[in-house]
Amino acid sequence: MMSSKTLHIATLGLYANQRVHHVLVRRKADKIAILYTEKNMEEVGQIRDQYKKQGIEVIAEKVNPYEFNEILTKILGIVAEHPDYKLEFNVSCGTKVMTSAAHMAALLTDSPVYFVDSEGDEMGEMRKLQPLSISVLTPPKRRILEQLVEKGGSVEAQKELGTRMSLKAASISRHLSNLEAAGYIVRSHRVHGKSISITELGRVVLRIKQIRKQSVWGGKENASEE
């Protein structure tokens, strides 16, 4: 069984690294791994000291900020050394090559990605990109979206989906949670439950799934029905 401990992997840039800290403070990871460049060496020392006081270990790996394979190899090496940790990535700063490598590592490990949506010196909102397993449109999720489209875009209760699909109630609930986390549907409270509506993002992803059956959003059509 996987531990409940979390390893937070972040990339540092030359500017605005307060965004990285902004995410770190909110995520409260058990261990931190920092990918940095030679120009960040002093800052990495400060980060180590800061989090050591909180009892949090910081791993630091120096990389060439423009060598994608090197960066990805370093990240996956860290991942391999922490098989019992849940992973999450912080791409608020760093070169495009560094953040792209971190995104690739997140895809390969099916992990969430966090970043701060900032403009200038103002600290923006922390955003989360869901793991691919949440975003992938499996056949059951596709059928749910298709049912919503057929019903005019929304239903008043989950049971309207259950009566029209060969899925167990618990399975439908899990699929709905994943669809909502991915931004494909929204659920709104009503007197007798929650209404379920497909979003514009959900519509376009469904459309892509229908015309590109082996797309990244769908995988193979014979995927598990549950």
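The values are calculated or read from the model by the stated rules, or taken from the named source; none is laboratory data. These numbers were taken from a predicted model, which means no experiment stands behind them. Neighbour counts are summed over all protein chains in view; Cβ atoms, including those assigned to glycine, are modelled from backbone coordinates with ideal geometry.
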Quiz prompt | Any hit, segment 186-196, residues being modelled with pLDDT of 90 or more and assigned to a helix (DSSP H, G or I) | solution = no
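If you go through segment 63-74 one residue at a time, do you hit one that is under 26 Å from SER4 (Cβ atoms), among the aliphatic types (A, V, I, L, M) and assigned by TED's automatic domain parsing to the domain that holds VAL23?
No, segment 63-74 has no match at all.
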Quiz item: Looking only at segment 123-158, which residues are assigned to a helix (DSSP H, G or I) and free of Cβ contacts under 8 Å to residues at least 12 places away in the same chain?
Solution: GLU150
Self-check item: Residue pairs meeting the criteria (Cβ under 7 Å; at least 6 apart or on separate chains; first assigned by TED's automatic domain parsing to the domain that holds GLY13 and farther than 19 Å from ILE9 by Cβ, in segment 38-57; second surrounded by fewer than 16 Cβ atoms within 10 Å (Cβ to Cβ) and at pLDDT 95 or above)
Solution: GLU38/LYS62
